[in-house]
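What follows is a set of notes on a single structure, which appears directly below.
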Amino acid sequence: MRDVVMNDTFCWGDERVASVHEFVRDRERRGKRMRDGEGQMQEWAEGVTLEGLTWGDYVALDRNAGLVRSTISLAFSADGKLFASTHGDHSVKIFSYPDGTQMRSLEGHPRTPWTVQFHPQDSTYLASGCLGYECRIWNVETGACLRKYKFGASISCVSFHPDGDILAITSGRKLLFWEFGPLSARQDTLPLEDVHPAANPYHMVAFHPSGSYIMTGEKNDASEQGTVEGVQDSQFTLKLEIRRFQRSIARLSRTTGPFELGEIILRVRRAVAYNDAGVHFSPCGRMLVACIPTPENPMKYHIAVMSLFAIAPNQPAGTILFSGPIDQGRVHGLTNLKFSSTSSHILAGFSFRRSNQVIAEIFASAVGNTRPQVRVVDIYSLKKDLNVIHSLTAEVSLEGVEDEINIAGFAPGFGVSDGIVYGTQKGRIRMFHGTSHEAYFMTLAEYCAKQRSIQASLNDQESNRAGRLE
């Protein structure tokens, strides 16, 4: 590996950056491209951060969690300084990160907001959609609702195009696009109707990081589920389709009528997901993670990282690059799958009901009066063949699991994910933030020396192996 730096510090102007974390953070803030070896540094800093997460703090809310009720959805702003959550009290709450201070509560949805997303280029704005058929675009700083539209069915998902001028919306069996115009102006445009009608309800939509593709998730009916020896799988799944997206589609007149999106580049017939939290494009744009049936048994599942594009003549789009087993109880409890900022780690979040076999097995093996713990978040590393490198746990009692995860995500720090935030069925939000790990204190010179030592050890092992072969 080529050395990133040769001294204890690296300088820009009058500033001196001494630690790996500071280097990665300042490089990202300045929009600098990573040089050889620096991407590896990001992945290392992220890995040691995530492995070091321990105790999480519950965020103070403006109302008692019992009144807030469930936390349904959660989204971070592009700069990582804010996150938003939606709740059963019909509110959208805004928090600063990493201190977790609630800044505002956006009120006005007639029913529970099911989905929320920040504008990708200006964190002043966000969009939310509710079960009361309504989609809103808000000014986070003032709390004002800038745009509002009522559809013909519940809003299951919203997704901004990376350019920030188009909002994709799923409402019942319809996929719609809303080119809402400059949010600083008091103008309004109506969404296009019947853009891509489906046979069954949509549960999610997501733009690819490039903006050139769009993914939809349509609920599978009973005839599309797997069967083994006449027994049909009861697991809830979505049919995922990734299609090419042309910007001109969203600018067509409302009078043009229904039309089709671009060609399908990848179809996943069954994925365990209830909304957009259960499947995710990698930030690098090359991969997709989903929980899908194993090739051997359509009623057993694994977590699979798939290529979005052909990587060789015999490796088309959809080729499984990494996979990890997941037992049936965890399949039933799975609510989240998310990539980290570097695309090198994956988060899986779980909501376990008292009847889940995972909980039954924990109680069966419990010893003494100590309260048993269950893993509610698992963190996987792609560099370690999708093995779990760290887990977050919650207490289990006769009433159930203390934290049943509805929504979880990595906190997108500057270039690396430096924490995890999740929302629970009880309406609470919990933050795990890594600030005491090795990357915060190791200097760049120490990091480079460590990498040289590792490389030298690998070279020695290779030499010894070659000598034995001779």
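Considering only the range 231-271, state which residues are in a loop (DSSP other than H, G, I, E, B), modelled with pLDDT under 75 and open to solvent by 80 Å² or more (accessible area, probe 1.4 Å).
Pro258, Glu260
Which one of these does Arg353 not meet: (1) more than 30 Å from Phe76 (Cβ to Cβ); (2) at pLDDT below 90?
(1)
Pick from Leu175, Leu126, Leu74: which is under 22 Å from the mean Cα position of the chain (by Cα), under 21 Å from Leu238 (Cβ atoms), among the aliphatic types (A, V, I, L, M) and open to solvent by less than 10 Å² (accessible area, probe 1.4 Å)?
Numbers: Leu126 fails: under 21 Å from Leu238 (Cβ atoms); Leu74 fails: open to solvent by less than 10 Å² (accessible area, probe 1.4 Å).
None of the other options fit; the residue is Leu175.
Conditions: (1) outside any strand (DSSP E or B); (2) over 24 Å from Ile326 (Cα atoms); (3) modelled with pLDDT of 65 or more. Gln455 meets all but one. Number of the miss?
The one condition Gln455 does not meet is (3).
All but one of (1) open to solvent by less than 20 Å² (accessible area, probe 1.4 Å); (2) in a loop (DSSP other than H, G, I, E, B) hold for Tyr274, so report the exception by its number.
Only one criterion is unmet by Tyr274, namely (1).
Select from the range 85-103 the residues that are buried (at least 18 other Cβ atoms within 10 Å of the Cβ) and not in a loop (DSSP other than H, G, I, E, B) and write down the one among them that is nearest to the chain's Cα centre (by Cα).
Ser85
The conditions are (1) over 27 Å from Thr342 (Cα atoms); (2) touching a strand residue (DSSP E or B) at 6+ places or on another chain (Cβ under 7 Å), and Asn387 fails exactly one of them. Which is it?
The failed condition is (1).
Report the residue count in the range 410-424 for those that are within 15 Å of Val377 (Cβ to Cβ) and open to solvent by less than 10 Å² (accessible area, probe 1.4 Å).
Qualifying residue count for the region: 8.
Checking Ala65 against (1) at pLDDT 95 or above; (2) open to solvent by less than 60 Å² (accessible area, probe 1.4 Å): exactly one of these is not met. Which one?
With respect to (1) at pLDDT 95 or above; (2) open to solvent by less than 60 Å² (accessible area, probe 1.4 Å), Ala65 is out only on (1).
Is it fair to say Arg136 is more than 24 Å from Val279 (Cβ to Cβ), touching a Cys at 6+ places or on another chain (Cβ under 9 Å) and of a type in the set (Lys, Arg)? Walk me through it before giving the result.
Numbers: more than 24 Å from Val279 (Cβ to Cβ): yes; touching a Cys at 6+ places or on another chain (Cβ under 9 Å): yes; of a type in the set (Lys, Arg): yes.
For Arg136, the condition - more than 24 Å from Val279 (Cβ to Cβ), touching a Cys at 6+ places or on another chain (Cβ under 9 Å) and of a type in the set (Lys, Arg) - is met.
Just one of (1) open to solvent by 10 Å² or more (accessible area, probe 1.4 Å); (2) within 16 Å of the chain's Cα centre (by Cα); (3) of a type outside the set (Val, Ile, Thr) trips up Arg371, so point out which.
(2) is the only condition that Arg371 fails.
For the range 317-329, enumerate the residues that are open to solvent by 20 Å² or more (accessible area, probe 1.4 Å) and either in contact with an Asp or Glu (Cβ under 8 Å, 6 or more places away or on another chain) or of a type in the set (Lys, Arg) (or both).
Listed by number, the list holds a single entry, Phe322.
This table checks each residue for (1) within 27 Å of Thr112 (Cβ to Cβ); (2) not in a helix (DSSP H, G or I).
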| position | (1), (2) |
| --- | --- |
| Glu43 | no, no |
| Gly47 | no, no |
| Leu61 | yes, yes |
| Gly66 | yes, no |
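Asn314 versus (1) out of contact with any Cys (no Cβ under 6 Å at 6 or more places or on another chain); (2) crowded, with 19+ Cβ neighbours inside 10 Å: which is the lone unmet condition?
So the condition that Asn314 fails would be (2).
Residue check: is Gly152 open to solvent by 50 Å² or more (accessible area, probe 1.4 Å) and among the small types (Gly, Ala, Ser)? Working first, answer last.
Working: open to solvent by 50 Å² or more (accessible area, probe 1.4 Å): yes; among the small types (Gly, Ala, Ser): yes.
Against the criterion (open to solvent by 50 Å² or more (accessible area, probe 1.4 Å) and among the small types (Gly, Ala, Ser)), Gly152 qualifies.
Answer yes if at least one residue in the range 331-344 is part of a strand (DSSP E or B), open to solvent by less than 10 Å² (accessible area, probe 1.4 Å) and of a type in the set (Val, Ile, Thr), and no otherwise.
The answer is no, given that none of the residues of the range 331-344 is part of a strand (DSSP E or B), open to solvent by less than 10 Å² (accessible area, probe 1.4 Å) and of a type in the set (Val, Ile, Thr).
Quick one: which strands (runs of 3 or more DSSP E) sit completely within the range 132-177 and have at least 1 residues that are closer than 25 Å to Pro283 by Cα and among the aliphatic types (A, V, I, L, M)?
Details: elements: 134-139, 145-150, 155-160, 167-171.
Correct list: 134-139, 155-160, 167-171.
Note down all Cβ pairs under 7 Å where the first residue falls in the range 387-403 and is free of Cβ contacts under 8 Å to residues at least 60 places away in the same chain and open to solvent by less than 10 Å² (accessible area, probe 1.4 Å), the second is outside any strand (DSSP E or B) and among the aromatic types (Phe, Trp, Tyr), and they're at least six residues apart or on different chains.
Between residues of the range 387-403 that are free of Cβ contacts under 8 Å to residues at least 60 places away in the same chain and open to solvent by less than 10 Å² (accessible area, probe 1.4 Å) and residues that are outside any strand (DSSP E or B) and among the aromatic types (Phe, Trp, Tyr), the close pairs are Val401/Phe352.
For the range 145-160, enumerate the residues that are within 15 Å of Trp114 (Cβ to Cβ) and not hydrophobic (A, V, I, L, M, F, W, C). Please lay out each step first, then the result.
Here is the first cut: in the range 145-160, the ones within 15 Å of Trp114 (Cβ to Cβ) are 150-151, 153-159.
Correct list: Lys150, Ser154, Ser156, Ser159.
Report, ordered by the first and then the second residue, all pairs with beta carbons closer than 8 Å, sequence separation of six or more or different chains, a first member in the range 337-361 that is in contact (Cβ under 8 Å) with a residue 24 or more places away in the chain, and a second member that is in a loop (DSSP other than H, G, I, E, B) and of a type in the set (Asp, Glu).
Ser351/Glu404; Phe352/Glu404; Arg353/Glu404; Arg354/Glu399; Val358/Asp327
The values are calculated or read from the model by the stated rules, or taken from the named source; none is laboratory data. Bear in mind that the values here come from a model prediction, so they are computed numbers and not experimental data. Note: ideal-geometry Cβ built from the backbone for every residue, glycine included; neighbour counts use all protein chains shown. Areas reflect the complete protein model, heavy atoms only, side chains present, ligands, DNA and RNA absent. Shrake-Rupley method; radii C 1.70, N 1.55, O 1.52, S 1.80 Å.
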